[in-house]
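Read through the structure below, which is laid out as structure tokens, and then see the notes.
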Amino acid sequence: MPSQGLHRRFERALEWIVIALMVALAVEVTAGVAFRYTGRALAWYDEVASVLLAWVTYYGAALAALKRSHIGVPELVRLLPPAWRVPIALVAEGFVVAFFALLAWVGYTVLEVLRHDTLVSLPEVSVVVTQSVIPISAVLFIVAQALSLPQTLREARSP
């Protein structure tokens, strides 16, 4: 199944992104603590840690969506009569995709508003870079939903 290979590659890519972000966060926090302990605190430590934590959260959420690991109530669909399961599952998927499409669009338009802003502790870093995670992860979430749709439909069709 070609989509299965794409699903697997997309999952691996998201896993590596999340792992890299977690390692970067761990290194950055460790360095921040070490420098603070020696009396030479890093001015940018807190701000960068906050950004990395947000990135881990957003990219991790896209990975969770791909694995269908978000909080859900699949029993509601299973309790429906068989003829209703697939249409209701498709409507639910449609709502999720519509929400993330809206989030991607609004997130992108906000980037335009923030184009002249920079981080407080690192004025050479644009806020656009840090906030780009919102539209990017929204698109990744939509891709994850699309790639996991066959599994959702199989579950809706099962007795």
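Computed quantities for the displayed model
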item: Residue identified as within 17 Å of L147 (Cβ to Cβ) and either touching a Lys or Arg at 6+ places or on another chain (Cβ under 7 Å) or of a type in the set (D, E) (or both) among E47, E11, E28; result: E11
item: Residue satisfying all of: in region 5-33; in contact (Cβ under 8 Å) with a residue 40 or more places away in the chain and crowded, with 16+ Cβ neighbours inside 10 Å; farthest from D46 (Cα to Cα) among these; result: H7
item: Count - residues of region 63-99 that are part of a helix (DSSP H, G or I) and within 15 Å of the chain's Cα centre (by Cα); result: 7
item: Residue in region 132-150 that is farther than 16 Å from H70 by Cα, in contact with a helix residue (DSSP H, G or I) (Cβ under 7 Å, 6 or more places away or on another chain), at pLDDT 95 or above and not aliphatic (A, V, I, L, M) present; result: yes
item: Some residue of region 56-69 being out of contact with any helix residue (DSSP H, G or I) (no Cβ under 6 Å at 6 or more places or on another chain), among the aliphatic types (A, V, I, L, M) and either over 17 Å from S148 (Cβ atoms) or surrounded by 17 or more Cβ atoms within 10 Å (Cβ to Cβ) (or both); result: yes
item: Residues satisfying the stated conditions in region 100-120, i.e. among the aliphatic types (A, V, I, L, M) and either over 15 Å from the mean Cα position of the chain (by Cα) or assigned to a loop (DSSP other than H, G, I, E, B) (or both); result: V106, V110, L111, V113, L114, L119, V120
item: Whichever residue in region 127-151 is small (G, A, S) and closer than 13 Å to Y59 by Cα and, among such residues, is nearest to the chain's Cα centre (by Cα); result: S137
item: Test result for S137, among the small types (G, A, S) and exposed (fewer than 15 other Cβ atoms within 10 Å of the Cβ); result: no
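The values are calculated or read from the model by the stated rules, or taken from the named source; none is laboratory data. Predicted model, so just to flag it, every value in this text is computed and none were measured. When we count neighbours, we look across all protein chains shown, and the Cβ atoms used for this are built from the backbone with ideal geometry, even at glycine.
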